[in-house]
Amino acid sequence: MALSTLFEPLQASPIGRLVAESTWIFPTVETLHVFALTIVAGSILVVDLRLLGVASTNQRVSALTKDLLPWTWTAFVFAAITGTVLFTARAADYMALGYFYAKYIFMALAGLNMVIFHFMTYRNVDSWDVGPTTGAAKIAGLLSIVFWAAVIICARKVGFLI
């Protein structure tokens, strides 16, 4: 039995049918989802570019992260909620797509990269908060950009295949 068949009841549920069949719910929630993801990716990109020494070099890394992380996390939670609503409409269809799984694999890699950065590299931020960052910080920033770009590419592929 394919994994996608396990999600057919969710797709056929009243909420799944409502989201899928409404002329305005799916596009409205999708628009909100894209806005939230734009804030997530944009705020992360600002920090990543600072880590790479490409932008915001006059800003302290710690100040930048302090200012942006609340926006990032709030938008991420909102994106997760709206994404779940969208998922109900086509759950079985999404589960049949490799790009859907790839999106979450890249998101998990981005999360792992963030955890390693915050619990290892960022511990010594005082020594590189101003000016050039360390090699480890640059690698974290570059990996973050690659992983989040892959998430976005896979998400768009999913949207075009469904």
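The values are calculated or read from the model by the stated rules, or taken from the named source; none is laboratory data. Fair warning: this is a prediction, and the values are worked out from it, not measured in the lab. Backbone-built Cβ (ideal geometry, glycine too); neighbour counts: all protein chains shown.
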### Message
Can you go through 88, 65 and tell me which one is more than 23 Å from residue 153 (Cα to Cα) and β-branched (Val, Ile, Thr)?
### Response
65
#### Entry: Selection from region 65-101 of residues that are of a type outside the set (Val, Ile, Thr) and closer than 19 Å to residue 142 by Cα
68, 69
### Task
Please verify whether region 49-58 includes one or more residues that are free of Cβ contacts under 8 Å to residues at least 60 places away in the same chain and either crowded, with 18+ Cβ neighbours inside 10 Å or touching a helix residue (DSSP H, G or I) at 6+ places or on another chain (Cβ under 7 Å) (or both).
yes
### Criterion (touching a Leu at 6+ places or on another chain (Cβ under 9 Å), buried (at least 18 other Cβ atoms within 10 Å of the Cβ) and at pLDDT 95 or above) met by exactly one of 75, 150
75
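Yes/no per residue for (1) at negative phi; (2) of a type outside the set (A, V, I, L, M, F, W, C); (3) under 15 Å from the mean Cα position of the chain (by Cα):
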{"residue": "45", "(1), (2), (3)": "yes, no, yes"}
{"residue": "75", "(1), (2), (3)": "yes, no, yes"}
{"residue": "84", "(1), (2), (3)": "yes, yes, yes"}
{"residue": "88", "(1), (2), (3)": "yes, yes, no"}
### Message
Looking only at region 143-162, count every residue that is within 10 Å of residue 103 (Cβ to Cβ) and among the small types (Gly, Ala, Ser) and tell me the total.
### Response
2
## Note on the structure
By residue number, the members of region 100-121 that are in contact (Cβ under 8 Å) with a residue 40 or more places away in the chain and under 20 Å from residue 66 (Cα atoms) are 110
